[in-house]
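*Asks:* If you scroll down you'll find the structure; I have some questions about it.
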């Protein structure tokens, strides 16, 4: 119960969605950004929880694939690749990640890592497109990746704790319900 309260408390500041613009730049701004949007918090926690079903180092490989996808997407966005459906793709990745947790979908490790990287690609493109207007884009990217790693790691820890008696599936179902609200935001 304490974990659910902690998750809810993390989501409360997410009144503003993640892509309205940023007040600053640099590491601190990049660090704060993932916590400011429900789409980021839900996706990264869900991917971490889903990765925890692998157990051990295998979950870490899924997390690493997500971070790699985020970095690759950031480079694409920085290069000006910005699909018109980007926000829909970001939102769809959040819903899909939550559903993977709720349905306890098991995939071979390479496929799961590929799916995680694919989800991260969309988030990375969105943020890479924002980097050129910042005074310190490298610091921002480092802060953003560090905060992303923290959220993914938090998801892994929650997944390990909640996996007993399939409680992670209930959390995934709740996350999927929250994710559907992003389509109307």
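*Asks:* If you scan the stretch 172-185, which residues turn out to be in contact with a helix residue (DSSP H, G or I) (Cβ under 7 Å, 6 or more places away or on another chain) and modelled with pLDDT of 80 or more?
*Replies:* 172, 173, 175, 176, 178, 179, 180, 182
*Asks:* Here is a further query. Of the residues that make up the stretch 119-129, is at least one closer than 19 Å to residue 168 by Cβ, in contact with a helix residue (DSSP H, G or I) (Cβ under 7 Å, 6 or more places away or on another chain), surrounded by fewer than 18 Cβ atoms within 10 Å (Cβ to Cβ) and touching a residue at least 60 places away in the same chain (Cβ under 8 Å)?
*Replies:* Within the stretch 119-129, not a single residue is closer than 19 Å to residue 168 by Cβ, in contact with a helix residue (DSSP H, G or I) (Cβ under 7 Å, 6 or more places away or on another chain), surrounded by fewer than 18 Cβ atoms within 10 Å (Cβ to Cβ) and touching a residue at least 60 places away in the same chain (Cβ under 8 Å).
*Asks:* Looking at 92, 98, 65, which one is surrounded by fewer than 22 Cβ atoms within 10 Å (Cβ to Cβ) and farther than 19 Å from residue 29 by Cβ?
*Replies:* 92
*Asks:* Just to check your reading of the model, which residue among 156, 150 is in a helix (DSSP H, G or I) and more than 17 Å from residue 100 (Cα to Cα)?
*Replies:* Testing whether each residue is in a helix (DSSP H, G or I) and more than 17 Å from residue 100 (Cα to Cα) leaves just 150.
The values are calculated or read from the model by the stated rules, or taken from the named source; none is laboratory data. Computed from a predicted structure; not experimentally measured. Every residue, glycine as well, gets a Cβ built from its backbone with ideal geometry; the counts of neighbours run over all protein chains shown.
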